[in-house]
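Everything below concerns the one structure shown next.
Please treat every number below as a calculation from the coordinates, not as lab data. This is a predicted model, so every value here is computed, not measured. No Cβ is skipped: glycine too gets one built from the backbone with ideal geometry, and neighbour counts run over all protein chains shown.
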Amino acid sequence: MSARLLYWLRISFFNLLLVALIGLILRYKIAFSLPFIDQKHLLHGHSHFAFTGWISMALMAFLVDFISRQLHQDLFPKYQWLLWGNLITAYGMLISFPFQGYGIFSISFSTISIFISWIFAFLFWKDLNTIDRKTVVSHWFKAGLLFNALSALGAFSLAILMANKIIHQNWYLLSVYFFLHFQYNGWFFFSCMGLCIEKILITIPFIKNQKQIFWLFASSCVPAYFLSALWLPMPNTISAIIVISAILQLLAWVIFLKQILPKKVEFLKQFVKPANSLLLFSGIALSVKFFLQATSTIPSISTLAFGFRPIVIAYLHLILLGVISLFLIANFFSAQLIQLNKLVITGLIVFVFGIIFNECLLMTQGITAIIEQSVKYINELLLLAAFFLFSGMLLLNLGIKKRT
């Protein structure tokens, strides 16, 4: 099983390298010029490939490994055709989006990837139900699968709008944010929490309030979508529900931390070095995320947050790189499948630095835009940050060697 897990995770990490490379190209085009590249089309390819080829690919591999260990049998052959299907559609989107944007091929690959995710959810759900000793981990995984299926509504509506050339800014943004929300706050977050809590239960078998924590997050996930639509006029009742959902998620996170922090030393031992450091960074980034999410319910702050693109991009990168990617990398190293060497360690340091540098620059760019100022050479500095991200992931990929 470990060899099969390593095989798919190596593919996932190579895909993350490609994501970083495309990010570097996008930043170069902004700072200088690449007239033969359509920025918007390449950006679509970048985001779809990041979600499908990197994060979903890694999560599916980790979930298959989890169910294999629980049922004491290698289930990778059973899921292999779905893993390959997900990979092929990811590359299909990577190739087709830059050339045609939302067209027949890109929409077809995107649609097939959604069907593959639905079949994966159906099979995995059935296998979860056969586990003799069930824990709250199963709840987290099932919720993640449900939210992944739900996110397809945003993708389908966006594809319909783009294919029919319906130009309606509000509908476009609502579709994009619907897909994004139920991907990173649903499928990504809940699946990562399931993987994390599996490790926690090894250290703290009788953690208190674990089901309450889950239900606080699960029940607030759907109304929390409207946190992405605060720029629309809403009835006071809906606004109140949105505020409550943000508070509930922050409360659930605080309760979770109160359970974990007293046992943090024992818990972090489940994530061997350097995974424990990555997990710490991921936890800090997630804490910042929940704090920013709660403060965004304040009307004046919400107007500023959604009115300046660098702040939105900084927030998305905080979640996708600072929270999700760092956690997945930490979980990879905690499996102890590879040798730790200088290339791997150097790559991690450079990659994490790139994330922090990128966040600082984006937030600076957003704040200075609010006060109608500009930062000299900001685009060149963001290009440098993208170079750090790419270089770190390149070193990491070159350094990955099977543990002997």
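Quick notes on this one:
- Taken along its principal axes, the alpha carbon cloud of region 143-229 reaches lengths of 54, 19, 13 Å, longest axis first.
- Set of region 45-86 residues, backbone N closer than 14 Å to the point 7 Å along the Cα-Cβ line of Ile131: 62-73
- Relative contact order of the chain, pairs being alpha-carbon contacts under 8 Å that are 6 or more residues apart, as %: 17 percent
- The computed mean projected area of the Cα convex hull in nm² for the structure shown corresponds, within (i) 19.6; (ii) 18.6; (iii) 22.1, to (i).
- For region 187-300, fraction of C-alpha pairs farther apart than 24 Å, in %: 31 percent
- Sorted peptide list for 90-96, 360-366, criterion being average Cβ within 10 angstrom, highest first: 90-96, 360-366
- Using the average count of surrounding beta-carbon atoms within 10 Å as a protection proxy, the listed peptides 243-255, 7-19 rank, highest first, as 7-19, 243-255.
- Summary of packing: across the peptides 326-338, 100-112, the per-residue average of other C-beta atoms within 10 Å ranks them, highest first, as 326-338, 100-112.
- Full extension of the segment from Thr295 to Leu316, taken as 0.36 nm per residue of separation minus the current Cα-Cα distance, would add 6.0 nm.
- Sequentially through region 58-63, phi angles give Karplus couplings (6.51, -1.76, 1.60; θ = phi - 60°) of 5, 4, 4, 5, 5, 5 Hz, Gly and Pro residues having no value and appearing as x.
- With neighbours defined as other Cβ atoms within 10 Å of a residue's Cβ, the residues Arg27, Arg133 order from fewest to most as Arg133, Arg27.
- Partner lysines for Lys208 [C-alpha distance under 17 Å; skip if fewer than 8 residues away on the same chain]: Lys134, Lys199, Lys258, Lys263, Lys264
- Within a Gaussian network of the chain (alpha carbon springs, distance under 10 Å), most fluctuating of Asn209, Asn148, Asn185: Asn209
- For Ile338, nonlocal amide neighbours, meaning residues 5 or more places apart or on other chains whose placed amide H falls under 5 Å from its own, are Arg403.
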